[in-house]
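Scroll down for the structure; my scribbles are underneath it.
The values are calculated or read from the model by the stated rules, or taken from the named source; none is laboratory data. This structure is a prediction, so every number in the text was calculated from the model and none was measured. Every residue, glycine as well, gets a Cβ built from its backbone with ideal geometry; the counts of neighbours run over all protein chains shown.
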Amino acid sequence: MLKTAFSFFLLLTTLLLSSQEVPASSSFKAGIIAGISTSQMDGDGYAGFNKINPQAGFFLQKKIKNDAQIQLEIIYIQKGSRFPGDPDNGIFTTYRIQMDYMEVPILYQHEWRKFLFEIGPGIGVLFNSKEEDSFGVVPASGFNWRPWELDAMLGINYYITEKAFVNIRIHRSLISTVSTVAVTPYGTFGGAFNSVIGTSFNWTF
């Protein structure tokens, strides 16, 4: 499945970047991304966008029409969830799931005035995960984390200057981040899906 997903991304990128509608004066533009996000995981037994995460990386833009372009990114993004407890109701236990991904989004962006609306998929590779409860790091996870993730993304960019713009984006896992049903002290889970709301500052070189 991972090999198929990568093949799809390569084919999509090749087709889009070789479009015959590219303006003759167009060129590639590169830049940097830095921001934060808030996340939750549907299916982990908790709810709420309680986890704050960093994100940073690089992007490459290519015009395919006068009012449209493709943006490819390589970003580090942290996802997961956090249960802060509920002391008012006598619940003092906490839980935190941290998942570190290197992700490659491929986004179609349409320009309207100073805005760029975007949509597209992203594929991420999980290179680190950690779980913590009220007593510290959980030594043995009850989750069998999938080593990769396929995302759907939807966002909007606003240009502050010709080179600087702000992005707001939502992510949603298309495939469960858990590869098998997990039985834990907190319940039995048949799937878990990352949901992320992120914002970033972007600078074009």
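Annotations for the structure displayed:
- Residue check, R113 in contact with a Lys or Arg (Cβ under 6 Å, 6 or more places away or on another chain) and free of Cβ contacts under 8 Å to residues at least 60 places away in the same chain: no
- Checking each residue in the stretch 80-94 for being part of a strand (DSSP E or B) and either at pLDDT below 85 or of a type in the set (K, R) (or both) picks out R82, D86, I91.
- Filter pass, L150 being in contact (Cβ under 8 Å) with a residue 12 or more places away in the chain, in contact with a strand residue (DSSP E or B) (Cβ under 6 Å, 6 or more places away or on another chain) and closer than 24 Å to I32 by Cβ: no
- Scanning the stretch 125-144 turns up no residue that is at pLDDT 95 or above and surrounded by 18 or more Cβ atoms within 10 Å (Cβ to Cβ).
- Single condition T161 does not satisfy, out of (1) among the polar types (S, T, N, Q); (2) without any contact (Cβ under 8 Å) to a residue 12 or more places away in the chain; (3) touching a strand residue (DSSP E or B) at 6+ places or on another chain (Cβ under 7 Å): (3)
- Just one of the listed residues (I119, I77, I97) is β-branched (V, I, T) and at pLDDT below 95, namely I97.
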